[in-house]
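Okay, structure first, notes after.
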Amino acid sequence: MKWFARLLAVFALCIAWGELLAGSPSGERKIVLPIPIGHDVKGLRVPFRDDEGKMQFRMDIQWARRLDEQNVEMRSSVIQTYDQETNKPSAKVELKTSVMNMDTNVIVSHEPIVVSREDFRLTGDSMEFNTKTREGRVIGNVRLIIYNHDELANKKPDDNQLTREKP
């Protein structure tokens, strides 16, 4: 029975990849996770790329269940975002439990979360993260640790930035 569930998951993954690569007619891609309604999937890794093939983010999910047509419950998931210019890993979002709405591409978690990058670590009690805009909000007991504070304090303004005109 387990082999049948795995086979079904692989088949659904192949179909979803086709939908992901094709995109939607409006140019915005709808996130599709290859999980049938009411079924569990373990050990899922799904990369998301833009129209040019550049990696936008990757989701590693230990356990997921499709609740209905729009919502997927996820446990122990990690979202790795990538810098659009360098294509290198940027920020990492770690979630214990969360629910992703496939229509809005918004992930909501009501348990402690961790957002980290090479220069900071952000923790909080809950969060919302929009995978399209790569923006989110952390709620409750928010703690931010900045690792390179001295570099930020001593940073001189760039020539490209607006500066005050001298009289």
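The values are calculated or read from the model by the stated rules, or taken from the named source; none is laboratory data. All values reported here derive from a predicted model rather than from experimental measurement. With ligands, DNA and RNA removed, areas are computed over all heavy atoms of the protein, side chains included. Shrake-Rupley method; radii C 1.70, N 1.55, O 1.52, S 1.80 Å.
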Q) Can you give the alpha-carbon Rg of the range 51-121 over 2.2 N^0.38 Å, where N counts its residues? A) 1.18
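Whenever you get a sec, line up L144, L33 from highest to lowest accessible area (probe 1.4 Å, protein heavy atoms).
Listed by decreasing accessible area, they come as L144, L33.
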Q: Provide the three semi-axes, in whole Å and in decreasing order, of the ellipsoid equivalent to the range 30-81 as defined by the square roots of 5 times the Cα gyration tensor eigenvalues.
A: 21, 13, 8
Q: Leaving ligands, DNA and RNA out of it, rank T104, T97, T81 by accessible area with a 1.4 Å probe, largest first.
A: T104, T97, T81
Q) Can you run phi through the Karplus equation (6.51, -1.76, 1.60; θ = phi - 60°) for the range 33-40 and list ³J(HN,Hα) in whole Hz, with x for Gly and Pro? A) 9, x, 10, x, 4, x, 9, 9
**Q.** Stokes-Einstein D for the range 99-151, Kirkwood Rh over Cα pairs, 37 °C, 0.692 mPa s (µm²/s)
**A.** 276 µm²/s
